[in-house]
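S.K.: Take a look at this one; I'll ask things after.
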Amino acid sequence: MNFGHVSVMLGEVLDALDVKAHGKYLDCTLGGGGHAKAIAQRLDGDGLIVGIDRDDDAIHAAEENLSDVTCTVKIVRGNFTELDKILDDLNVDKLDGILFDLGVSSHQIDTASRGFSYMKDSPLDMRMDRRQSLTAFDVVNTYDEARLAKIFHDYGEERFSKRIAAAVCRTRKTSPIETTGQLARIIEQTVPRTKNGGHPAKRVFQAVRIEVNGELEILSDALKSAIGRLKVGGRLAVITFHSLEDRIVKDTFKRAAQGCICPKNFPVCVCNHKPEVKLCGKAQLPTPDEVNGNSRASSAKLRVVEKLGGASQ
């Protein structure tokens, strides 16, 4: 199938992971397998690439995309929160590299029936895993006004969150809000369109998507699990697309790279805490050429850490 997704910062990811021919790698957000395919092409017959994704379309596309590589390929439909169990079930212990490419895929946005886009009129869905019960329809039509406002503010950084939540609740008293087009029109009629701020529905749709899929609440623990699965010298690379998830990644990496955690007023260290990772430079950004060729790469940031020996577990 044509998954229609361009892998962001592909060259930078390959460099960051420092792919070894015999290595074992995990792509926690497999998508159509673009990053995984590029990694697999650098592996020999002893190498391994494991891919995890909760989207059935992504699984099918990745299976096709990775069908001709020489290394071993293991693809699992699941959530990256389950990475420890998935690796245990596959009898895979420590890895040379792990990748998270966060957010929604181009395929999900461009497929109208998935209900991710405010530019297309389709049923409110937004589920990355269509086996789950909670949909965008449920969030928009059943959450009370205060809860909606908090989600729009916290997950969308929307300054008109209360005004939009009130408008949504007024509208649904008459009849349910069933489509993305209806929701987008309510937002357009409620808040002013800024000259350079993009579509006024962008932040609310992001917030609802994050709520439906639990994207932020699961991220920090998953990153900690990933760090625990790295070999000494192994690399963890994470691509983020908005400030909320990037802040979680940055803070999680900072804590994992921290040494002594004793209170500052202690004269000497008594905790003996050792850093688990070292930070591999500052966040990298896509090149201007990549952004010109793929506008969806414009907000991307790549952060990388490397596993240290003798770390506290």
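S.K.: Can you tell me the relative contact order of region 132-213? Whole percent, Cα pairs under 8 Å, sequence separation 6 or more.
M.R.: 40 percent.
S.K.: Tell me the mean residue ellipticity at 222 nm calculated for the chain from its helices only (DSSP H runs of n ≥ 4, each -39500 (n - 2.57), averaged over every residue, nearest 500).
M.R.: Mean residue ellipticity, 222 nm, calculated: -11500 deg cm²/dmol.
S.K.: Also: Karplus couplings for region 129-142 from phi (6.51 cos²θ - 1.76 cosθ + 1.60, θ = phi - 60°), rounded to Hz, Gly and Pro as x?
M.R.: For region 129-142, the Karplus-derived couplings read 10, 6, 7, 7, 8, 5, 10, 4, 4, 4, 4, 5, 9, 10 Hz, x marking Gly and Pro.
S.K.: If the limit is 19 Å between Cα atoms, which of Lys85/Lys254; Lys274/Lys307; Lys231/Lys278 go over it?
M.R.: Among Lys85/Lys254; Lys274/Lys307; Lys231/Lys278, the Cα-Cα distance tops 19 Å for Lys85/Lys254.
S.K.: Another one. Sorted by packing (mean other beta-carbon atoms within 10 Å per residue), highest first, where do 169-178, 156-165 land?
M.R.: 156-165, 169-178
S.K.: Give me the extension gain from Thr142 to Arg247: residue separation times 0.36 nm, minus the current Cα-Cα distance, reported in nm with one decimal. Let's see the in-between values first.
M.R.: Numbers: separation 105, 0.36 × 105 = 37.80 nm, distance 2.94 nm.
So the extension gain works out to 34.9 nm.
S.K.: Could you go through region 65-75 in sequence order and give the Karplus-derived ³J(HN,Hα) for each residue, using 6.51 cos²θ - 1.76 cosθ + 1.60 with θ = phi - 60°, rounded to whole Hz, and x for Gly and Pro?
M.R.: After applying 6.51 cos²θ - 1.76 cosθ + 1.60, I find 5, 9, 5, 10, 7, 8, 6, 6, 10, 10, 10 Hz.
S.K.: Relative to the longest principal Cα axis of the chain, at what angle does helix 180-190 sit, 0 to 90 degrees, rounded to 10?
M.R.: Roughly 70 degrees, rounded to the nearest 10.
S.K.: Now for a different question. Expressed as an acute angle from 0 to 90° and rounded to the nearest 10, what is the orientation of the C-alpha long axis of helix 219-228 relative to the principal long axis of the chain?
M.R.: For 219-228 against the chain, the angle is about 10 degrees.
S.K.: Still on this structure: Where does helix 161-174 land angle-wise versus the long Cα axis of the chain, in degrees 0 to 90, nearest 10?
M.R.: Roughly 50 degrees, rounded to the nearest 10.
S.K.: Mind grabbing the base-10 log of I(q)/I(0) for the chain at q = 0.10, 0.12, 0.13, 0.16 Å⁻¹? Debye formula, identical points on the C-alpha positions, no solvent, two decimal places.
M.R.: -0.61, -0.85, -0.97, -1.30
S.K.: If you plug each phi of region 38-43 into the Karplus form 6.51 cos²θ - 1.76 cosθ + 1.60 with θ = phi - 60°, what whole-Hz ³J(HN,Hα) values come out, in order, with x for Gly and Pro?
M.R.: Calculated HN-Hα couplings, in order: 5, 5, 4, 5, 9, 9 Hz.
S.K.: Take Ala166 and Gln132, extend 7 Å from each Cα along the Cα→Cβ direction, and tell me the distance between the two endpoints in nm.
M.R.: 3.1
S.K.: Can you give the relative contact order of region 159-262 as a percent, counting alpha carbon pairs under 8 Å and 6+ residues apart?
M.R.: Details: 42 pairs, mean separation 18.8, N = 104.
Dividing the mean separation by the residue count of region 159-262 yields 18 percent.
S.K.: Past 30 Å, Cα to Cα: identify those pairs from Lys20/Lys282; Lys120/Lys224; Lys120/Lys250; Lys20/Lys250; Lys94/Lys250, in the order given.
M.R.: Going by Cα-Cα distance, Lys120/Lys224; Lys120/Lys250 fall outside the 30 Å limit.
S.K.: Now a separate question. If the only charges are +1 at each Lys and Arg Cβ and -1 at each Asp and Glu Cβ, what is the size of the charge dipole of the chain around the Cα centre, to the nearest 20 debye?
M.R.: 1260
S.K.: Let me ask something else. For region 132-213, what D do you get in µm² per second when you plug the Kirkwood radius from alpha-carbon pairs into Stokes-Einstein at 37 °C and 0.692 mPa s? All intermediate terms of the calculation are to be shown ahead of the outcome.
M.R.: Details: Rh = 12.5 Å.
Value of D from the Cα-based Kirkwood radius: 263 µm²/s.
S.K.: Next up: Averaging sequence separations of C-alpha pairs under 8 Å and six or more residues apart, then dividing by the length of the chain, give the relative contact order as a whole percent.
M.R.: Once divided by the residue count of the chain, the mean separation gives 17 percent.
Read-outs throughout are calculated quantities, based only on the coordinates presented, and are distinct from any laboratory measurement. Everything numeric in this text was worked out from a predicted model, so none of it was measured. Reconstructed Cβ throughout: ideal geometry from the backbone, glycine too, with neighbour counts over all protein chains shown.
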